[in-house]
Amino acid sequence: MSLRTVPLSYIARNLWERRVTTLLTAGGMALVVYVFATVLMMSEGIRATLVATGQPDNVMVLRKGAGAEINSGITREQTAVLTSLPQIATDGQGRQLLSREPVVLNTLPKRASGQPSNVTVRGTSEVGMLLRPQVRIVQGRMFRPGTSEIVTGTAVARGFAGAGLGETMRFAGRDWRVVGVFDASRSAFDSEVWGDSEQMMQAFRRAAYSSVAFKLADAEGFDAVKAQIEGDPRLTLEAKREVKFYAEQSEALATFIRLLGLALSIIFSIGAVVGAMITMFASVASRVGEIGTLRALGFRRSAVLSAFLGEALLLALVGGIMGLVAASLMQAVNISTVNFQTFSELAFQFRLTPSIAAQSLGFALLMGLVGGFIPAWRAARMKIVDCLRAA
Amino acid sequence: MFVFRLLLKNAFRHRLRTLLTMVGLVVAISAFGLLRTIVDAWYAGVDATSSTRLITRSAISLTFPLPLNYAERIKSVEGVSGISWANWFGGVYVTERNFFAQFAVDPVSYLALYPEFKLDEADKQAFLRDRQGAVVGRKLAAKFGWKVGDSIALRGTIYPGTWRFTIRGIYQGADAKTDEQQMFIHWQRLADGIRARVAAGSSPIKADYVGVYVVRIHNPDDAPLVSQRIDALFKNSLAETLTETEKAFQLGFVSMSEAILLAVQAVSFIIILIIMAVMANTMTMTARERLAEYATLKALGFPPAFVVKLLFGESLMIALIGGGLGIALTFPLADAFVKAAGTLFPIFKVSPLTVGLQVLAAAVVGLVSAAWPAWKMSRIDIVQGLRHVA
């Protein structure tokens, strides 16, 4: 009879036998996994929000080198040149699917704290709505062109004073009536206020639009359009696919959070690994006699090694699952912060993806492996005689 | 004294376990200190403000400029003793990673309002004479290896094109709170550059506009009153203003990243919880192993309180030694961090409050960890405890 492996029930029972210790050690690991998973979820949430904002066949045109809409400026003459591009799609009525949009930042007080923060106010039109099929009016109605009516994104309506349906916001020397609230399917538009393009130009005394967005008749035609826009000497503009433009907007903040979080998780994991090591050393020390008996029964060194390693991994798995469950609860939380790339408020949710869950559990198991290896190794190296004598 | 030696001997009886616990404590306490210092660094701009300075900006938001002619009108407001203005330039030096603040300022009035930027008189004159000139902070110059006379190019994001500047002076901060990573250029240079572009018909930005006005007031107590007077002056005009103290203005920036700050703060407490779990585990094991000893002590006539004291004392000792090492490690760690972070944090110092909190955290970890085992050990039955030995 070859006794290669110690049964799992023996391993699990050891952990159960020392419940307080198991719980404390797994608890420490759970906290590390919680931080690790939460940070990845936050970074993913920001990325997903901004990526969902762009449409694959839409093109954004901005002033060359501007990077963000608020830095950009496109004169009316330049816009006129753009409208002559043949690749722009039209709707059923022959209308060009092109929107000229002034985008401004407006410092407005938050509903809960009264603290001011920057809200993106976008001037758009009915065509602007058509360009973004993910945006739907969920309360009230669309603003009427040529009036001081506005519609607000769900995150703005919830978070900022006077932004709810039927309320009034005051900015740029006017009172703007909120006639509708739109849901943008968890994209960045949820953090925006939309009104009539020309009204916004007048109210903010802007001579130039910030960006021009249009839909391509043929999604494959992007490279040709880009070459044409960037090659035209009258236009000092650059064209980007909308998806790419918004993905770039998320890069700095998402990367910053991910790096900060990973650095923290690694530092924190040292604490948890130490905890696992202490527990496993004690587990080995209190079972010297048992180890001797197992060996005497014919279990190999490798069986002892894998038994203790298995115990450490099981311990880590318990911690990992606890942490992941706690982190998954964060999905219910809505948070918003200023994206320092656009300088404006961005609302997003924590997003748990299968890949993040796998990474978190993998991270937990790695902690268990690192913490459990030396004690397990030591257990496996013990001489049968010494073990039995100690018992 | 005897008890103290007993504690020390006890603490290191299981050397490996105690050392591992201490390693955990060192990591946790230093990480806690570092995180708190990062949060402090965020608020550094707020600490460096002066109560005699107000900031006037557009009521819409900071990205909207104000007309240059407001300067004269603000100057005549009662209680105002000086005025200057600045535009955020937002240029990129080589790559986006080299972020630092650049302001286009009116040099004479601006330097008068900010005496904390100490500049050599000769350098100052050279800067005033040269419209292409720039003044940079000491740390910024050190970071990029700039010397007086060097020419540097910035790529404009707000103001298109490449802009060249000659460094005419390097300023020193008056104290540790002063940001030494800023760059100042001539506002007039910027305005001329824009005007040239407007004439060429390629710029939608208007010249002769100002980002913010910096207003000096006679008496800090008048700040609310003067702010109201200034804003009332431009009420219902084409560009309404919002005036606040420099401190409130800087706090506005900080509060924008409040969610991140709160997260960092929350996380700094989580690391303390993690180490608390580890330490509590250590103490629980220790107590369990010494069951028979404690029973013996009790049998000898020591009161239950003595056992409790022994456990608390040992736990506190380990926590404080680990904590002390952690605090000592925080300082080199902070130095290394600020080197790695580059220009992101102009002011980065471990504050006495942070050190105090680290000590407190270590003590709390020590006390909490011993609480449960101590309670359990004080209640052990002598007979049962002695039986444990066999």
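The values are calculated or read from the model by the stated rules, or taken from the named source; none is laboratory data. The structure presented is a predicted model; accordingly, all values stated were derived computationally and were not measured. Cβ coordinates were reconstructed from backbone atoms using ideal geometry, including for glycine residues, and neighbour counts include every protein chain displayed. Note: areas computed on protein heavy atoms with side chains; ligands, DNA, RNA excluded. Shrake-Rupley method; radii C 1.70, N 1.55, O 1.52, S 1.80 Å.
Please give the solvent-accessible surface of A:R47 in Å², to the nearest 10, using a probe radius of 1.4 Å with every protein chain present.
Counting only protein heavy atoms, the figure is 100 Å².
For B:K118 and B:F253 in one chain, what is 0.36 nm times their gap in residues minus the Cα-Cα distance, to one decimal in nm?
Length difference between fully extended and current span is 46.1 nm.
Any chance you could check the Cα centroid distance between region A:167-217 and region B:236-255 for me, in angstrom?
23 Å
Tell me, how many Å apart are the Cα centres for region B:138-212 and for region A:320-391?
46 Å
So if R0 is 41 Å, what FRET efficiency would B:D150 and A:R300 give, r being the distance between their Cβ atoms, rounded to the nearest 0.05?
Rounded to the nearest 0.05, the efficiency is 0.05.
Sort A:E44, B:E121 by heavy-atom solvent-accessible area, probe 1.4 angstrom, most to least.
Order by accessible area, largest first: B:E121, A:E44.
Using a 1.4 Å probe and counting only protein heavy atoms, arrange B:K124, A:K383, B:K118 so the residue with the most accessible area comes first.
Details: B:K124 60, A:K383 135, B:K118 110 Å².
These residues rank, largest area first, as A:K383, B:K118, B:K124.
How crowded by other chains is A:113-122, given as the mean number of beta carbons from other chains within 10 Å of each beta carbon?
Taking all residues of A:113-122 together, the mean is 3.
Can you pull the accessible area of B:Y159 for me, 1.4 Å probe, Å² to the nearest 10?
Near enough 20 Å² of accessible area.
Report the paramagnetic label zone for B:L68: residues of region B:148-185 whose backbone N is under 18 Å from a point 7 Å from Cα along the Cα-to-Cβ axis.
The answer is B:159-160, B:185, whose backbone nitrogens lie closer than 18 Å to the label point.
Between the alpha-carbon centers of region B:273-338 and region B:22-99, tell me the distance in whole angstrom.
44 Å
Test of understanding: extend the Cα→C-beta vector of A:R76 to 7 Å, then name every residue of region A:188-224 with backbone N under 15 Å from that spot.
Answer for region A:188-224: A:197-210.
Limiting things to C-alpha atoms, what are the Rg and the maximum Cα-Cα separation (Dmax) for chain B, in angstroms?
Using the Cα atoms of chain B, the pair Rg, Dmax is 29.9, 99 Å.
P(r) of region B:162-254 in 5 Å steps, Cα pairs, percent per bin?
Per 5 Å bin, starting at zero, the Cα-Cα P(r) for region B:162-254 comes out as 2, 9, 13, 15, 17, 17, 15, 9, 3, 0 percent.
With 19 Å as the cut-off, how large is the P(r) tail for region A:319-391, expressed as percent of Cα-Cα pairs?
62 percent
Rounded to the nearest percent, how much of the accessible area of region B:258-390 (1.4 Å probe, protein heavy atoms only) is carbon and sulfur?
Carbon and sulfur together cover 74 percent of it.
When the Cα atoms of region A:117-243 are enclosed in a convex hull and the volume is divided per residue, what value in Å³ results?
Cα convex hull per residue, to the nearest whole number: 122 Å³.
Across peptide A:57-69, how many C-beta atoms of other chains are within 10 Å of each residue C-beta, on average? Please list the in-between numbers first.
Numbers: counts 0, 0, 0, 0, 0, 0, 6, 2, 9, 4, 5, 2, 0.
Counting other chains' Cβ atoms within 10 Å and averaging over A:57-69 gives 2.
Given a 1.4 angstrom probe, what's the average accessible area per residue across region A:169-259, in square angstrom?
Dividing the accessible area of region A:169-259 by its residue count gives 39 Å².
Any idea of the accessible area per residue across chain B, 1.4 Å probe, to the nearest Å²? Each step should come with its number before you reach the end.
Values: 17580 Å² over 390 residues.
For chain B, the solvent-accessible area averages 45 Å² per residue.
Largest first and in whole Å, what are the equivalent-ellipsoid semi-axes of the protein assembly as shown based on the Cα gyration tensor, each being the root of 5 times an eigenvalue?
Gyration-tensor ellipsoid for the protein assembly as shown: 60, 33, 23 Å.
Give me the summed buried accessible area for the B-A pair, 1.4 Å probe, to the nearest 100 Å².
Approximately 4200 Å², summed over both chains.
What is the distance, in nm, between label points placed 7 Å from the Cα along the Cα-to-Cβ direction at A:L8 and at A:V333?
Computed distance between label sites A:L8 and A:V333 equals 3.3 nm.
By per-residue mean of other Cβ atoms within 10 Å, what is the highest-first order of A:250-258, A:304-312, A:355-363?
A:304-312, A:250-258, A:355-363
Given a Förster distance of 41 Å, report the FRET efficiency between B:Q265 and A:L130 from their Cβ-Cβ distance, rounded to the nearest 0.05.
0.40
Rounded to two decimals, what ratio of Rg to Rh does chain A give with C-alpha atoms and a Kirkwood Rh?
Computed over Cα atoms, the ratio is 1.20.
Quickly work out the B:T296-to-B:D175 label distance, labels modelled 7 Å from Cα along the C-beta direction, and quote it in nm with one decimal.
5.9 nm
May I ask you to compute the full-extension gain from B:L8 to B:L225, defined as 0.36 nm times their residue separation minus their alpha-carbon distance, rounded to one decimal in nm?
71.8 nm
What list of whole percents do you get for P(r) of region A:6-68, with Cα-Cα distances grouped in 10 Å bins up to the one holding the largest distance?
Going from the shortest bin to the longest, the percentages are 16, 22, 20, 15, 12, 10, 6.
How long are the three semi-axes of the equivalent ellipsoid of region A:125-182, in whole Å, if each is the root of 5 times an eigenvalue of the C-alpha gyration tensor, listed from largest down? List each step's numbers first, then the result.
Numbers: eigenvalues 67, 40, 16 Å².
Whole-Å semi-axes of the equivalent ellipsoid: 18, 14, 9.
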